[in-house]
Amino acid sequence: MRIVRAEVLEYVRKLDGRSWNPVSRWTERRAPLLILETDEGVRGCGEAWSKQDEIGVVLAALARSLRTSVVGRSFPDGEAIGALRDTMPYEDWVGAAVLSAIDMALWDLLARSRQRPLWQALAGTADIGNAVDVYASGGLYRDGDNTVDLASEVARYRGEGFRNVKIKVGGMSLEDDVARISAARDATGSDGVLWVDAVNQLHVGNAIGFAQAWRLAGADAIQAPVAFEDHPAMARIGRAGIPVIAGEAAYAEQAFLGLLDAAHVALLQVNLGLCGGFTGASRIAALAASRGTPVTVQAHGTAVLLDASLHWGAARGVHSVEFHRFHDHLRAMFASTLGDIRAGAVELSSSTATHPIRPGEVPGESSAISLVAGIGSGRMLDRKIKTEP
C-alpha cells in the first residue's frame, strides 16, 4: 500500500450565529480534512481537530508532514501505520492533530485496500459486531429559544432513535440552567441518560454547589465541569456523587493518566482527531481498561470524524460515541455508511465504497471544501496556506 498522492483540504460552513455555548458563538465551522491515495487508486480520508482560529497552522503542518513522512512510502499493515508515532513525535496539539488525521486516513486506506469494513480492520477480525452505542449531542443555547424549544429538540432526538442526550450548561444563571436541565430531563424520559457539558465553566468555589444542583435537576453526569488541568476539583465532584466525564482536549499520554489517576473520572473521553488517531486512541483505551475506566468518544467535527469514531468505537466496544446533532457537517455525504439509529445504537454499513470527499460546494449545506495542498505526482502547494490566526 504505497501512498502516491495526498490532498490537504479545508472545510468551511457558514452558520447563522444564533447558537452558542459558554465559550463559542457559531458563525462558521472549519475543519482540516485529508485524502490519501495509493498506487492502486484507493482513497482514504481523515480529519484533524483544530482550534478554529489556528486552522491555518494545522493545514500547513499537515502538508509538511505528508511530504516528509507519508507520500512515497508504503504502509502494508497496522504495525507500519503505528510506527509513524515514532517518526512523527509531537510536542503540542498541532502535531498531535496532524498525526491523528494521517493515522485515520491510513487505516481507512488499509481497510479499503483489503475490502473490509473499517471496524473489522481495526479489530483484526470479522468476528465482531457492527453496532455501537451513541448519544445525541446538542442542546446548545440559541438566541430566542426557551426551555420549551429545548424540550422539543430533545424529544426530536428521541424520535430519531437516540436514547441518551447531552446538552450545554454553564452559560446562564444557575436558575436558568436548572430549568433547562429539568426540561431536557423530562423530554429524555426515565429510560434515557442525560449528560450536561459545562465547557470548563465552574470554579473551585462553586463547582460542588452547581454540580449538585444540576444533578438534582436531572443530570446523570457532567462533562468538563472545571478547567482541564484541575484534577483535584474533578475528583471532589466525583466524590460528591456526581460522575465526571473529561478528556476531549487531551492529546498527551500524561494528560490522560492525570484524568485517570488524579481526577478519577467516571468516563474518559478521547477525540480521534487529536489523540493520535486510531493508534493513539487504542493506546489510551488500554490505559483506561487497566484501571477499569470506560471510554467514550468525542466527535465534534464533520462526518469524517464521526464515521471514524463510530468504526473505532465498534471495534473497541467503547461505552459510547458522541453523535453531534448541531455539528452534523457533511453528514449527507456519509448517509449510506453511517447507518440508522435504533434503540440508541448505530449499526454500521459493511460498505467499502470511497467517501465522496472532493473540493467544491457541498450539496445541501452552506459550505464548501477547498484544496489547500496537493502532494505527489509532481504536485505542490495549490495555494498559499495562511498560518497566522
- line: Scanning segment 297-314 residue by residue, those under 22 Å from residue 347 (Cβ atoms) and surrounded by fewer than 24 Cβ atoms within 10 Å (Cβ to Cβ) turn out to be none
- line: Just one listed residue, out of 299, 303, 289, is over 21 Å from residue 158 (Cα atoms), of a type outside the set (Ser, Thr, Tyr) and touching a strand residue (DSSP E or B) at 6+ places or on another chain (Cβ under 9 Å), and it is 289
message: Could you list, ordered by first residue, the pairs with Cβ atoms under 6 Å in which the first is in segment 148-159 and closer than 14 Å to residue 191 by Cα and the second is in a helix (DSSP H, G or I) and not polar (S, T, N, Q), at least 6 apart or interchain?
response: 154/184; 154/187; 155/187
query: In segment 83-119, what residues are farther than 19 Å from residue 47 by Cβ and in a helix (DSSP H, G or I)?
result: 86, 87, 113
task: Pick out the one residue from 139, 170 that is crowded, with 18+ Cβ neighbours inside 10 Å and under 19 Å from the mean Cα position of the chain (by Cα).
output: 139
- prompt: Which is under 23 Å from residue 343 (Cα atoms), of a type in the set (Gly, Ala, Ser) and in contact with a helix residue (DSSP H, G or I) (Cβ under 9 Å, 6 or more places away or on another chain), of 80, 131, 123?
  reply: 131
- prompt: If you check 241, 280, 247, which single one turns out to be in contact with a Lys or Arg (Cβ under 9 Å, 6 or more places away or on another chain), in contact (Cβ under 8 Å) with a residue 40 or more places away in the chain and not acidic (Asp, Glu)?
  reply: 280
task: Residue by residue through segment 17-75, note down the ones that are part of a strand (DSSP E or B), surrounded by 14 or more Cβ atoms within 10 Å (Cβ to Cβ) and among the polar types (S, T, N, Q).
output: 19, 38
query: Where residues in segment 177-226 are over 20 Å from the mean Cα position of the chain (by Cα) and aromatic (Phe, Trp, Tyr), which of them is surrounded by the most Cβ atoms within 10 Å (Cβ to Cβ)?
result: 214
- request: Check whether at least one residue in segment 131-141 is in contact with a strand residue (DSSP E or B) (Cβ under 9 Å, 6 or more places away or on another chain), of a type in the set (S, T, N, Q) and not in a loop (DSSP other than H, G, I, E, B), and report yes or no.
  value: yes
query: Quick check, is residue 292 at pLDDT 95 or above, closer than 26 Å to residue 127 by Cα and crowded, with 19+ Cβ neighbours inside 10 Å?
result: no
Where residue 114 falls short, out of the listed (1) touching a residue at least 12 places away in the same chain (Cβ under 8 Å); (2) more than 18 Å from residue 251 (Cβ to Cβ): (1)
message: Suppose the filter is buried (at least 19 other Cβ atoms within 10 Å of the Cβ), under 20 Å from residue 82 (Cβ atoms) and not polar (S, T, N, Q); does residue 259 pass it?
response: no
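The values are calculated or read from the model by the stated rules, or taken from the named source; none is laboratory data. A quick note: this is a predicted structure, and the numbers were derived from the prediction, not measured. When we count neighbours, we look across all protein chains shown, and the Cβ atoms used for this are built from the backbone with ideal geometry, even at glycine.
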